[in-house]
Every structure is written in C-alpha cells, then in structure tokens.
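J.: So that we are looking at the same thing, I have put the structure below in structure tokens.
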Amino acid sequence: MDFGRLLTAMVTPFDTNNRMDLNITTELVEHLLATGSEGLVVAGTTGESPTLSHEEKMQLFEHVVKVVDGRVPIIAGTGNNDTQASIELTKEAEQIGVDAALIVTPYYNKPNQEGLYQHFAAIAEETKLPIMLYNIPSRAVVRLNVETVVALSQIENIVSVKDSTGDLDGIASILEQVEAGFTVYSGDDSLTLPIHSIGGSGVVSVASHIIGKEMREMIALFEQGKVREAGQMHRKLLPVMRALFMAPSPSPVKSALKYQQIEVGSVRLPLVPLSPFEEQNLFRVIDPFQ
C-alpha cells in the first residue's frame, strides 16, 4: 500500500511540566504538512511511545485525526511487546479513525521467527486497518527475517514494512519476493535515496521535521530521472540527518524544532535533553537550512 513518499514519524509535544501539549501538536501538524509530509506516524518511537500512557495515546490519535481532517494518512503506533495489548490498542485506534497501524517487533521478550509471525498475524486478524510492520533490531533486539516479512505480506491487511535494519541486500530480497502492492519504507533518513533506488516507496522520517521540503525535492528529483541531482541533494542533507541522531532520538529533533521556534518541549525520562555543547553542534549543522 502506498502511503506517500515522505512520511514523518512525529514527535509528541510536551509542555513545561512534561504533559502532552495538544495546542503545540496542532501547530506541529500544520508545520509538517506545509513542509512536504504526505503522511504522519503518531506515537511511534520518535513520539516517545514507551512513555505515553494508553489514555495519552488515545487522546493524541483523536486530536491528530481531527486536525488532519483527511488531508494525509495517519498511521498510529499501536504495537508493543504484548500481543493482546497491541490488539486492543489497534482496535481502539481504528474506532477513532486512524488510517493504518504501525506495529513494532516485540522488544525484550525475544520471540523467534514463528513467534513474530504469529504476533503480527494475530493483530492483523483483529483489525481491518492496513498494517505497516516495523523492523528495528537496534531498538527491539529481535529482527524480522526476510522470509518472515515475505510470509506476512501474504496476509491481506499487512501491506507495508518500515525497515530500519540498514540491510540493503535484505531489503532488495524483500522487494523481490513480497506480494504485489506490498511496500517498503526506509526507517533511516540517510538511506531514503538508496532504498528508493532499489524499489522502496519512501521514508518514515525524523529529519523531515527540519528539512522536509529538501527531502521532498530529493525524492522528486530522483523520480524525474535526475539521478545525479538527487545524489547531490542526498549528500548535502546527510550531515543534518546524522546530526539529528547525535543522541538518542527524539532529543536532537526536539532541540532542532526549538531552534525553528516550534516549542515542542523536552523529552521524558529515561531520555534526557541535549547538553548545551550538543545543541551548539546541532544548531551549527542545521543553521544553513533555516
């Protein structure tokens, strides 16, 4: 399923007391749509989903659905390491009116490939929402193997994967074997163009908070056959993409948004904000794109 080329894994704004700030959420949504985002992932890793309560997630989904009002797809992060809890959260998000669900591989439990298959299949059976698998072994420890992704692609409403493995050979194998219409999105900003060049559909981006217009232009150049120009744009944007992961995400991107006068607040423990020295280095890199 094609959700667009540039999807943003949206941060969750907090106020000075670290409570969710829906007014700033509205401002952030409008900023993202104005700078090229074609879809929003809400309450994913970048949205600090591990520290959002169930009630906060529901409130956030409902608010973003209302603000977006059908302009772009909303993909709700409804997966965790408890299959039944993931089913319940996904069903509630479906009732609110989100367009799809992002389901992460179960972290900490360390299921094998059969357990991973059954986890995703069980969730898919309980919802009509399109499901995007989220394969991120650097955070979840476990990894969806190529064969498991291919098998899951045969389930009707499992329609896509956000791949954060960094494994271009594995991604190419997935693209070659999955069911027609199944899409692959880069989960790494720096691999947006390489993955697009081998048949990927786009990126679920963090950097698009800051350089959304430029990333949209890079993708457009490639699709227009202007490969050299797209490559030049990729190389130009790479330092920003790297700087936004100088510390555990989303601490850097929240600081970068503050620099752009979008006050999304800090991060919740156990994450910590950037140090003043880190902020200086980050601002120096992103300053040319202001």
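The values are calculated or read from the model by the stated rules, or taken from the named source; none is laboratory data. A quick note: this is a predicted structure, and the numbers were derived from the prediction, not measured. So basically every Cβ, Gly included, is an ideal-geometry build from the backbone, and we count neighbours across all protein chains shown. All accessible areas refer to the heavy atoms of the entire protein, side chains included, with ligands and DNA or RNA removed. Shrake-Rupley method; radii C 1.70, N 1.55, O 1.52, S 1.80 Å.
J.: Do you know which of the residues in the range 262-290 that are in a helix (DSSP H, G or I) and of a type in the set (Asp, Glu) is surrounded by the most Cβ atoms within 10 Å (Cβ to Cβ)?
T.: Within the range 262-290, the match that is surrounded by the most Cβ atoms within 10 Å (Cβ to Cβ) is 279.
J.: Here are some residues: 38, 27. Which one is among the acidic types (Asp, Glu), in contact with a Phe, Trp or Tyr (Cβ under 8 Å, 6 or more places away or on another chain) and in contact (Cβ under 8 Å) with a residue 24 or more places away in the chain? Talk me through it step by step, then tell me what you get.
T.: Details: 27 fails: in contact with a Phe, Trp or Tyr (Cβ under 8 Å, 6 or more places away or on another chain).
When all the criteria are applied, what remains is 38.
J.: Identify, by number, the condition in (1) among the aliphatic types (A, V, I, L, M); (2) touching a helix residue (DSSP H, G or I) at 6+ places or on another chain (Cβ under 7 Å); (3) open to solvent by 20 Å² or more (accessible area, probe 1.4 Å) that residue 85 doesn't meet.
T.: It is condition (2) that residue 85 fails.
J.: Those residues that are open to solvent by 40 Å² or more (accessible area, probe 1.4 Å) and closer than 18 Å to residue 207 by Cβ, I need them from the range 5-29; list them, please.
T.: 5
J.: If a residue must be in contact (Cβ under 8 Å) with a residue 40 or more places away in the chain and in a helix (DSSP H, G or I), how many such residues does the range 96-129 contain?
T.: Residues meeting the conditions: 1.
J.: Does residue 250 count as open to solvent by 40 Å² or more (accessible area, probe 1.4 Å) and either under 20 Å from the mean Cα position of the chain (by Cα) or modelled with pLDDT of 95 or more (or both)?
T.: In short, no.
J.: Checking residue 203 against (1) out of contact with any helix residue (DSSP H, G or I) (no Cβ under 6 Å at 6 or more places or on another chain); (2) in a strand (DSSP E or B), which test does it fail?
T.: (1)
J.: What number of residues within the range 130-146 satisfy the criterion of being open to solvent by 10 Å² or more (accessible area, probe 1.4 Å) and assigned to a helix (DSSP H, G or I)?
T.: Final tally of qualifying residues: 4.
J.: Do we find a residue being closer than 24 Å to residue 41 by Cα, touching a residue at least 24 places away in the same chain (Cβ under 8 Å) and hydrophobic (A, V, I, L, M, F, W, C) anywhere in the range 226-239?
T.: Looking for residues that are closer than 24 Å to residue 41 by Cα, touching a residue at least 24 places away in the same chain (Cβ under 8 Å) and hydrophobic (A, V, I, L, M, F, W, C), one finds at least one in the range 226-239, hence yes.
J.: All but one of (1) open to solvent by less than 60 Å² (accessible area, probe 1.4 Å); (2) in contact with a His (Cβ under 9 Å, 6 or more places away or on another chain); (3) closer than 25 Å to residue 55 by Cβ hold for residue 104; which doesn't?
T.: (2)
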